[in-house]
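What follows is calculated from the coordinates using simple rules that are stated; it is not laboratory data. Here the structure is a predicted model, which is why all the values come from computation and not from measurement. Ideal geometry is used to build each Cβ from the backbone, glycine not excepted, and the neighbour counts take in all protein chains shown.
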Amino acid sequence: MTDADDLKHTETRPAPHMVSDASPCSRPAVPDLFTSAKTPAPVPARHPALSEALIQASLDPAVRSILHVPTAPAGTAQVDVDVIILGKDDGRYALDVVAARRIRDIDEEGLVQIALRELGLQQLVVTAEDLKQEPRRSNCRQVWAYRNWQVALPLRLRILKALADDGPIELDRLLEMIRSDRDPLMAIFALACADLLELDLTSGQIGPMTMVRSRVRAARNWGRWPISSTTSTFIPRSAICSAA
């Protein structure tokens, strides 16, 4: 079995559960397009390894936003960069999934690197081995399967209030606090996909001692980032500054 075969089931097909229109994860899936609560616009994901990386980024507490930029300037030239940008707590990164790299000649690649430098991006290289790291991979897949799970408003409020009042707390304690007729574990997973809470998916397999915390929505300046979230096109920094 190849890496691509191993990643096939991480494609962006919706889970078979109904969702409310208000759910941040309720946008319909489109072939080759990835959406999550962190993508203000759909992101092209034509390779299964890229889809896997985007799932992991969507559940990574350090990632604040995921944007696709098709073109950007390199000097006086407009370059087809086709880059996905991760806005993280410590900066902005060009996501470089090795298995999903586009084939470019040396001149094209040189222009792309110039454009990325002019955008002020650091490069985040993700290998096949990175994507396979456990327990993160299995945990992310388990949680992501419930991205479209419908969470009733009263249950959602109880979960978020418990975390606001007593978090961060262990998963089993949270489950005891929010007893429900419906399985609250699926609701917790769905709220993690909706970027409303954080799960520790790297320290160990999901279990009673898994830590859960409120999603800290720190003050962000993503609105000033020179990328349009609706058109995914480059906006000159001068236009941003003049509009501030």
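For region 136-214, rounded, prolate or oblate, judged on the Cα gyration tensor with a ≥ b ≥ c (square roots of eigenvalues), a/c < 1.5 rounded, else prolate if a/b > b/c?
oblate
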Exercise. Fewest first, what order do Thr39, Thr71 take by the number of other Cβ atoms within 10 Å?
Worked result: Thr71, Thr39
For this session: Note down the magnitude of the dipole of region 62-184 about its Cα centre, charges +1 on Lys and Arg C-beta and -1 on Asp and Glu C-beta and zero elsewhere, to the nearest 20 debye.
Result: 500 debye
For this session: Under 1.5 on a/c is rounded, so check that first for region 46-126, then, if it is not, pick prolate when a/b is larger than b/c and oblate when it is not; a ≥ b ≥ c are the square roots of the alpha carbon gyration tensor eigenvalues.
Result: oblate
